[in-house]
Amino acid sequence: MSRGYAEPSRRRTFTAPKKLRILKEIDQAAGTGEIGAILRRHGLYSSALCEWRRQREAGALGGLTPVKRGPQPAGSNPLSAKLTAAQRENAQLRRRLDRAEAIIELQKTRRPAGAAADPAADRAQQRSLTEALAATPPALGAISASCAALGISRASLQRSIRRRSRPPNLAKARPSPPRTLQTGPRQNVLNLLRSPRFADLAPAEIYATLLDEGIYHCSISTMYRILAENSEVRERRRQLRHPAYTKPELLAVVPNQVWSWDITKLKGPAKWTYFYLYVILDIFSRRVVGWCIADAENASLFKELFDDTMLKHDVPPGQLTLHADRGAPMKAKATTFLLADLGVTKSHSRPHVSNDNPFSESHFKTLKYQPTFPKFFACIEDAKAFCRAFFAWYNQAHHHVGLGLMTPDQVHYGQADAIHAARQITLNAACAAHPERFVKKPPTPPQKPTAVWINPPQAKPPSLN
């Protein structure tokens, strides 16, 4: 209800010291209008004041009165002056170095000698060089040398420096329209909005109530403008503020280290009927280590599938991380307790970020974009038969680009090194037989997988210190 005047919605919280300060301000208010102004300024309802007063009388707020804490101020250090001077000198040297680097970079952008002349490009380059040098002007004795090195005009540089040193133009006050409310009526409306009767109501409610009583003062927008001029438009509702979810960063260097799982729908024989396909995928080898099809989507079905998969692959406790999105079965208590019992670390994607679960999403696309994938399945047995054949082909015969054109089974069961070496022997023989076909370098097979990430960490820029 802020009509563009309020701050972004967020869940408001008040500490005990702040509550005490507001209550003290309320107690010192001279009239009821001032209390209404305080309520609107802080975005409070009068019911909150009643609750805070009860807490204050019960002593719930007194124990949290702010107390000055922390280390005591240290005495003066005789080396502080020398340290300050050294820091100042270091900053000056840093500015000179930055200026020299900027000049060198600008010189690199100049048109090389002998190149075709382009008047428009030359003028644009001169302007950019002048503005860049004006942003970090050299010392007084180095202006001529800098301009000569860059081939720009000293007068143009001086004009740019003066233009940058001018104070910014102040915005002119907007003239008041002739039909605006004058000072007296505006104050009457403000007093009405602050009155105990309307202090807890929004301007739209106040406007409708007065209109039903045959009273009109101004429009709803004018009420908001009057409140905004006095900083009394605040969000009062307890809006939910979503937490900052941590981006998952998972690394797998061997099979059975990180698994990803998800559920997708398969169309049934009638409209709005589906079968649910559960798939557990090893992100290092891309092998489907477990799957099942059911008529429903719940955590108990996944519990049975995961138990069988862990037993089949004999994964020791503490080694595996299971990654999933934030669906209901993935976040269910049954799933959490199961993973805790088996010593499996759980990981979840951020809400509405499909890139956090890329391997399962990519696998489902491979499944549903197959030429033989039907538009619908007549029954659950047909769906199981299709998936049984598809997963056998995917694990054993599908040469995955992300695996260096190896199959998931070859990587999962440790055959990648032998296959990579055999491919290299084949390519070496081809290069020896026809060296004219390989001009730049001898051929090499696609790289075998060594490490697989979900959201690799970003490299931090080097520190300037």
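The values are calculated or read from the model by the stated rules, or taken from the named source; none is laboratory data. All figures in this text were calculated on a predicted structure; none of them were measured in a lab. Ideal geometry is used to build each Cβ from the backbone, glycine not excepted, and the neighbour counts take in all protein chains shown. Keep in mind that these areas ignore ligands, DNA and RNA; they rest on the heavy atoms of the full protein, side chains included. Shrake-Rupley method; radii C 1.70, N 1.55, O 1.52, S 1.80 Å.
Tabulated data for the structure shown
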{"read-out": "Enumerated helices (runs of 4 or more DSSP H) restricted to segment 361-445, each holding at least 2 residues that are closer than 17 Å to Y278 by Cα and not aliphatic (A, V, I, L, M)", "value": "380-396"}
{"read-out": "Restricting segment 257-308 to residues that are basic (K, R) and not in a loop (DSSP other than H, G, I, E, B), the residue that is surrounded by the most Cβ atoms within 10 Å (Cβ to Cβ)", "value": "K303"}
{"read-out": "All positions within segment 198-225 that are open to solvent by 60 Å² or more (accessible area, probe 1.4 Å), farther than 13 Å from R186 by Cα and in contact (Cβ under 8 Å) with a residue 12 or more places away in the chain", "value": "Y207"}
{"read-out": "Failed item in (1) modelled with pLDDT under 70; (2) surrounded by fewer than 10 Cβ atoms within 10 Å (Cβ to Cβ); (3) within 37 Å of the chain's Cα centre (by Cα), with P167 passing the rest", "value": "(1)"}
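Listed here are the residues, each with its yes/no results for (1) over 30 Å from M223 (Cα atoms); (2) at pLDDT 80 or above.
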residue	(1), (2)
L93	yes, yes
G114	yes, no
A117	yes, no
A139	yes, no
A145	yes, no
A155	yes, yes
A173	no, no
